[in-house]
1. In deg cm²/dmol and to the nearest 500, what is the mean residue ellipticity at 222 nm of the chain if only DSSP H runs of at least 4 residues count, each as -39500 (n - 2.57), divided by the residue total?
2. Need one number: nm distance between label points at Ser125 and Thr36, each 7 Å from Cα along Cα→Cβ, rounded to one decimal.
3. How high is the FRET efficiency from Arg132 to Glu187, r the C-beta distance, R0 22 Å, rounded to 0.05?
4. Going toward the positive end of the dipole of the chain, with +1 on Lys and Arg Cβ and -1 on Asp and Glu Cβ, which of Gln160, Thr64, Val171 do you reach last?
5. With axes computed from alpha carbons, what is the tilt in degrees of helix 2-17 against the longest principal axis of the chain, rounded to the nearest 10 within 0 to 90?
6. So what J values fall out for segment 121-129 if you push phi through Karplus, 6.51 cos²θ - 1.76 cosθ + 1.60 with θ = phi - 60°, rounded to Hz, Gly and Pro as x?
7. Once you treat every alpha carbon in the chain as an equal point and sum by Debye, what is log10 I(q)/I(0) at q = 0.09, 0.10, 0.12, 0.15 Å⁻¹?
8. Whats the longest run of the chain with zero GluC sites (Glu not before Pro) that are DSSP loop and have at most 13 other Cβ atoms within 10 Å?
Amino acid sequence: MKGLHAALPLLFALPVSLPVLAAWELDPSRSQVEATVTEITPNGEVPHRHHVRELSGDISADGTLSMPLRLDQTDVIERLGELPPWLSGLARMPLVTLQTQLPPERLEGLDIGESLTETLEFRISAENATHREPIALRFTRRGLDTVHVTTAEEVSIEGQELMANQTARTVMLLLGYEQIGEEVPVELDVTLINR
């Protein structure tokens, strides 16, 4: 019994002495991607701004951040109205999945108001094809449980690469974009919260 009394203070002190890392996740209500698609028409170039809203995902304990992007998160459905039956089934399926590594302790180390710019390598998976892309991001601590993330420099997707994706090409054609420009600039505006 004496040994148990001696061990009790140690048991209560144990949780306090272990490092506690936050579990960060995207706040869907404040997380989106904007892309500018330039339609090539007989009368010249016409830019169109599109949104992918309600981004979701979280940073796992090992620092993996995974973000699936679905058609029903885009403004395409608003513009097209009701989707054709053969395409409506695809609306909830991930078109593209973005994955990267971001150790949570990097976010924990930021003071409120402090920013950190870091280039992360994103693994981009779509239609059984995967490629890697380095993207510079700016992380700004807005509060004890909030970090705002934006692109730190210009980011763009190749127009040919976008049109090579069968689903993306189908959506572009439904929007009336038979031909698009070489570059599709993309801006990330994400809020991470400590849940």
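Every number here is computed from the coordinates shown, using simple stated rules; none is lab data. These numbers come from a predicted model, not from an experiment. Neighbour counts are summed over all protein chains in view; Cβ atoms, including those assigned to glycine, are modelled from backbone coordinates with ideal geometry.
1. Working: 6 runs with 45 residues, N = 195.
Calculated from helices alone, the mean residue ellipticity at 222 nm is -6000 deg cm²/dmol.
2. The modelled label-to-label distance comes out at 3.2 nm.
3. Working: r = 20 Å, r/R0 = 0.92.
Plugging the Cβ-Cβ distance into 1/(1 + (r/R0)^6) gives 0.60.
4. Thr64
5. Here the helix axis deviates by roughly 30 degrees.
6. Along segment 121-129, the couplings run 8, 9, 9, 10, 10, 7, 6, 6, 10 Hz.
7. -0.43, -0.51, -0.67, -0.96
8. In short, 1-81.
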